[in-house]
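Asker: One structure is given below, represented as structure tokens, and several questions about it will come after.
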Amino acid sequence: MSSQQEILSDGRFSRIARDPMFWEMPEKERKVKIDKRFRAMFHDKKFKMKYTVDKRGRPVNYSTTENLRKFYALSESDSDLSEDDSKEHIEKKRKNKKVQPEREADT
């Protein structure tokens, strides 16, 4: 740490401490906010891929949904809905879509 203080006190590098370009990005601003139209990407099978090796051929065990959660966040209004609630909501929509065409055929 003392070497870091020496660097910042040096006249050549003093602007680094004051320049916002070199500040660390706040956690709130790091993730891109996703609204309710795109919340399905967190649990939809179309967006999920399971990797067994990384780009250099080393064995790994993770899926793309972990990356999605790392870079994207639900917007404030949608964050109160949990994944279980959203899954139930989608299942209800599917059931409603199946029921509606049958009703139209009967009339």
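Each reported figure results from applying straightforward, stated rules to the coordinates on display, with no laboratory input. On a predicted model such as this, the values are computed, not experimentally measured, just so you know. For neighbour counting, all protein chains shown are included, and Cβ atoms are generated from backbone atoms with ideal geometry for every residue, glycine included.
Asker: Do any of LYS45/LYS95; LYS28/LYS95; LYS45/LYS70; LYS33/LYS55; LYS31/LYS95; LYS36/LYS95 go past 25 Å between their Cα atoms, and which?
Answerer: Violating the 25 Å limit, Cα to Cα: LYS28/LYS95; LYS33/LYS55; LYS31/LYS95.
Asker: OK, next. Label-point separation (nm) for ARG18 and HIS43, each offset 7 Å from Cα along Cα-to-Cβ?
Answerer: It works out to 5.1 nm between the two label points.
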